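Heads up, the thing below is written out as structure tokens.
Computed from the coordinates by the stated procedures, all read-outs in this text should not be read as laboratory data. Fair warning: this is a prediction, and the values are worked out from it, not measured in the lab. All Cβ positions, glycine included, derive from the backbone under ideal geometry; neighbour counts span all protein chains shown.
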Amino acid sequence: MTSSFSNLSLAEPLARAVAEMGYESMTPIQAQAIPVVLTGKDVMGAAQTGTGKTAAFSLPLLQRLLKHENSSTSPARHPVRALVLLPTRELADQVATEVRRLARAEENIKVVTLCGGVPLRGQIASLEHGAHIVVGTPGRVMDHLERGSLTLEALNTLVLDEADRMLDMGFFDDIATVARQCPKERQTLLFSATYPEGIAKLSAQFMKNPQQVTVQAQHAEAKIEQRWYEVKD
Ligand code: AMP
């Protein structure tokens, strides 16, 4: 398996963004997941933060967006095509930043973050201006669905990022409610560092024959040097 981005046939603006960001070759999770995700299959990736998993799901969803959207039309006319659910606001900000950097050559692609602890009003206004990609926490995304400020009828990609942490935080039912409002014909991608029981349940209910992708931890044990110092009480 080759790890050069040039073998992916990425749309030119994405290939350029990857080069400008200084990504010389794919990380192991990217090399394994991106070609499969690009085929449209559901993928379950075992990967921690720091492995490059954000670009592993963002590049294919941007590729699909660039192929199917006419970027000369106003973003307000475009419905939400991709939703990334994740556990915290900090992670939402990180993921949204990475997606915006990868998409920066296409100024018309709008990414909106929807997290709790922030007034709803600004989020509603952002959604009214149009969003191609929503990145948010399950509870707040559900609030918007209930209010009708967000609809997922035209969605084609659902990403569950750090799924194990979302389950730890008690989000199973919220994730299920949101997933049920997505079209049945969609691609679902799930990334998780660990695989507790709830992950199998999520995948059985909301994914279609997912392909599993696993990578070793980024740091081989042998490469970590440990030192200890004895100190007096
Ligand atoms: P993530 O695991 O998605 O949080 O990514 C961890 C960090 O790796 C982020 O700062 C990314 O910008 C960076 N990164 C992702 N893919 C690559 C790559 N192929 N080459 C170098 N850095 C990367």
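The base-10 log of I(q)/I(0) for region 1-138, evaluated at q = 0.15, 0.20, 0.21 Å⁻¹, reads -0.74, -1.28, -1.38 [Debye formula, identical scatterers on Cα atoms, solvent excluded]. Extents of the chain, largest first, come to 62, 42, 39 Å (Cα atoms, principal axes, whole angstrom). Seen from Phe191, the other residues with C-beta closer than 13 Å to its C-beta sum to a net charge of -2, counting Lys and Arg as +1 and Asp and Glu as -1.
Ordering of 112-118, 124-130, 84-90 by packing is 84-90, 112-118, 124-130, highest average first (other Cβ atoms within 10 Å, averaged per residue). Exposed loop sites here mean chymotrypsin sites (Phe, Trp or Tyr not before Pro) with a DSSP loop assignment and at most 16 other beta-carbon atoms within 10 Å; the chain contains its longest site-free run at 24-227.
Sort 41-50, 141-150 by the packing proxy (mean of other Cβ within 10 Å over each peptide's residues), most packed first.
41-50, 141-150
Could you give P(r) for region 89-202, binned at 10 Å from zero, as whole percent values over all Cα-Cα pairs? Going out from 0 Å in 10 Å bins, region 89-202 shows 13, 46, 36, 6, 0 percent.
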